[in-house]
Structure formats: structure tokens, C-alpha cells
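What follows is a single structure, written as C-alpha cells, with notes after it.
The values are calculated or read from the model by the stated rules, or taken from the named source; none is laboratory data. Small disclaimer: the values here were computed from a predicted structure and weren't measured. Heads up, the Cβs are rebuilt from the backbone with ideal geometry, glycines too, and the neighbour counts pull from every protein chain shown. These area figures cover heavy atoms from the full protein model, side chains too; ligands, DNA and RNA do not enter into them. Shrake-Rupley method; radii C 1.70, N 1.55, O 1.52, S 1.80 Å.
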Amino acid sequence: MIETIRKLAEAYGPSGREEDVHRIVLEELKNHIDGYKFDRVGNLIVWKDGKSGKKVMLDAHSDEIGLVVTNIDKNGFLRVETVGGVPPHPYVGQRVKFPQCTGIVYVEGETSQDMKKNFSNLSFDVMYVDIGASSYEEAQKVAPIGTFGVYDSRFMQNGDFLTSKAMDDRVGCAVVIEVLKRLNSPNNTVYCSFSTQEEIGLMGARVAGYDIMPEACIAIDVTASSDTPKAFKRHAMVLKKGPAIKVKDRASISDRKIVDKLIELAEESGIPYQMEVLTMGGTNAAAFQATASGIASATVSIPTRYVHTPSETVHLDDIKNCVNLLIEYVQKGV
């Protein structure tokens, strides 16, 4: 499973450009699913047939945060904007990978006062990307306006701690893949969406939910961990204590019946878990809840350190226990 996470996390896949991720998913799921399709917004939907006539859906978004080129100056330096909700600070001095080149992000300033001011009030208005071009024309050939870039960082394993860009939400994709690999003759038909464009407004999930309209849906995503020095004191989620069953975030309140069932199944099976109340952000569960006449939805999260940086960090035990809990739910929860 670690190798699957590595391949997925290192893949290039900003919002709207998720094709490489979907290719890896299908390679991993060969001979483990009964069918798949792509919908009109690029979601990859796969399924495994069950006997009950009921449908349960698991969702993990396949996109990652990134940057998009908005302008190129005469000397070949790029100006950029975010793709998804990410502050500028994690990008300073970092490499960014575009499809045809790699660049370094830095901050402009003509004087020491300028630099101090720009670092103190950091925004993409005073930042640029250096791709080694010498002119507008040279840069335009490899990174024209509208080109998407992502962090150029590599997967690292430190014991059972796993670190990479794009754990949000490639670790969720890996969890769903593992669930499908381990499910044999499921009771309920299991649909899984590897959805697009979550980071820019839950776009893909709205379409996937309307298409399938399952009895219940669980979004698998990451959540902020509060186990580092002076971490956010109103959050209880930490690494190594199991998947987090979400009660609410800024976008949605999880379906109470699903939450209660997840807790019941975890306790019956001896699966460690923790409760999540997130004071920010949201997941695709919000989009599923508001689809058509509504889909009963909840979120199960993987606690993650350093979210939306090049070094998002998760723990292997939480991932494995998330897989175990979801297998229990898709078999018994609906």
C-alpha cells in the first residue's frame, strides 16, 4: 500500500488536470472492479457489484492544490495565481513542476526595505517563478499563460510516517483503492468516485453524486492534525489515534445515522478512531448532501500535519485503520 501512496502522491494532478492520477488508479484496480467510466467533468467512477440492491459510495478527490500562470514578463519570469486555497508562504523558495519545465518561486524587491515589506505582507502580487527562461518567447514555449503547476516534492518514509505533496487527497485515493482490493463479493454495490476539482469548490462531487444517487456516501479526505508544538488548541485530531469520524466542518454537518453507525462498527471491531470537529474548511460531503433531493453523507478523515504544503505528513496506522473501518461500513452500514 505504501508504494501505491507514493505513486499517487508524486503524480501531477492539479484541479482540472487529474488524468495521470486516474491512470494510476485504474492500473492499481485492474481485476479488482466490475466496471468504470469517466463522466463529463472528468470524474473516474468505478464500481463493484453487490447483492443487496443498495448502493453505497466512497469518494476521494483526485486533484491537488497548485498554481496557474497568469502572465509572463519580457525576461521570461512567470506571474501566477493559486489553484485552490493555499497561502503564498509555503511556496517561497520551493520548486514548482509544470508539465514541460520546473521553476523556483521567490519574492521580488529592489531594496532591503522592499524585501522586508514584501516578506512581511506576502502575496502573489510580489512573487514570481523562475523557470530559467531568458525572454517572454522562451518561457511561452514551455509554460504559456494558463499552464498549471504543482509542488515539486518527493515522497519520504520516516518509520510509519509518510510525507509528500498531495497527500490531500491521494492518501484518500489509496484508501479507496485498498478497500476495493480487499472486498470480495460485497453485500452492497460499492461505487467509488475519484473526483475532480474539489480544491476549487467541490465541483466533481456534485456531478458524481447526481449520477449515482447512492443510499449513503462517505467522503475520505485529510484533516488538520493538532499534535505539533503550539498547534490549534480547539482541534482534537492527532496522528496515530485512528481515522477521524467527522461531526462537522465549515461546509457541512455529517449525517448523524452514518456517524453513529461508523462509531458502532469501529467499537464492535476494535478499530481505533477519533472524533473530528473542524473549525475550518470542508469536504465533498457538503456537495453530496446538496445533490438533487439529497444524499446522506459523512466524512472520514486521515489526520495530517502540514496540510497544503510540500510536506503533508500522515501515519500508516491511521490509513490502515481507515481501510478497516470503511470495509465494515460498506458491508454492514447501509
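Rounded to the nearest 20, the Cβ-based charge dipole of segment 137-241 about its Cα centre (Lys and Arg +1, Asp and Glu -1) stands at 480 debye. What whole-number distance in Å separates the alpha-carbon centres of segment 154-191 and segment 277-293? Here the two parts' Cα centres lie 21 Å apart.
Within a straight-line Cα-Cα reach of under 13 Å, Lys165 can be paired with the following aspartates and glutamates, leaving aside sequence neighbours fewer than 8 residues apart in one chain: Glu10, Asp63, Glu64, Asp152, Glu312. Asp152 contributes about 30 Å² of solvent-accessible surface, heavy atoms of the protein only, 1.4 Å probe.
Between segment 1-56 and segment 59-79, the C-alpha centres lie 25 angstrom from each other. Each peptide in 107-115, 195-203, 131-139, 298-306 was scored by the mean count of other Cβ atoms within 10 Å over its residues; highest first, the order is 298-306, 195-203, 131-139, 107-115.
Normalised per residue, the accessible area of the chain is 43 Å², obtained with a 1.4 Å probe and no contribution from ligands, DNA or RNA.
When +1 charges are put on Lys and Arg Cβ atoms and -1 charges on Asp and Glu Cβ atoms, the dipole computed for the chain relative to its Cα centre reaches about 540 debye. When the charge dipole of segment 1-147 is built from unit charges on Cβ atoms (+1 for Lys and Arg, -1 for Asp and Glu) and taken about the Cα centre, the candidate among Thr111, Leu58, Phe38 whose Cα reaches farthest toward its positive end is Leu58. With respect to the cross-link table entries Lys117/Lys141; Lys241/Lys332; Lys54/Lys261; Lys7/Lys30; Lys30/Lys320, which display a Cα-Cα separation exceeding 25 Å? Long pairs (Cα-Cα over 25 Å): Lys117/Lys141. In the chain, the DSSP-assigned H stretches of four residues or longer account for a calculated mean residue ellipticity at 222 nm of -8500 deg cm²/dmol, using -39500 (n - 2.57) per stretch and the full residue count as denominator. On C-alpha positions alone, give me the angle between the axis of helix 167-182 and the longest principal axis of the chain, in degrees, nearest 10. So the helix axis and the longest Cα principal axis differ by about 30 degrees. Mean projected area of the convex hull spanned by the Cα atoms of the chain, taken over all viewing directions: 17.4 nm².
Measure off, as a whole percent, the carbon and sulfur share of the 1.4 Å-probe accessible area of segment 113-217, all protein chains present. About 47 percent, which is the carbon plus sulfur part of the accessible surface.
Once all protein chains are placed together, Val68 keeps about 30 Å² accessible to a 1.4 angstrom probe. Here segment 15-101 exposes an accessible surface that is 46 percent carbon and sulfur, computed with a 1.4 Å probe and the other protein chains kept in place.
Given segment 3-129, what whole percent of its Cα pairs are spread farther than 24 Å? Result for the distance tail: 46 percent.
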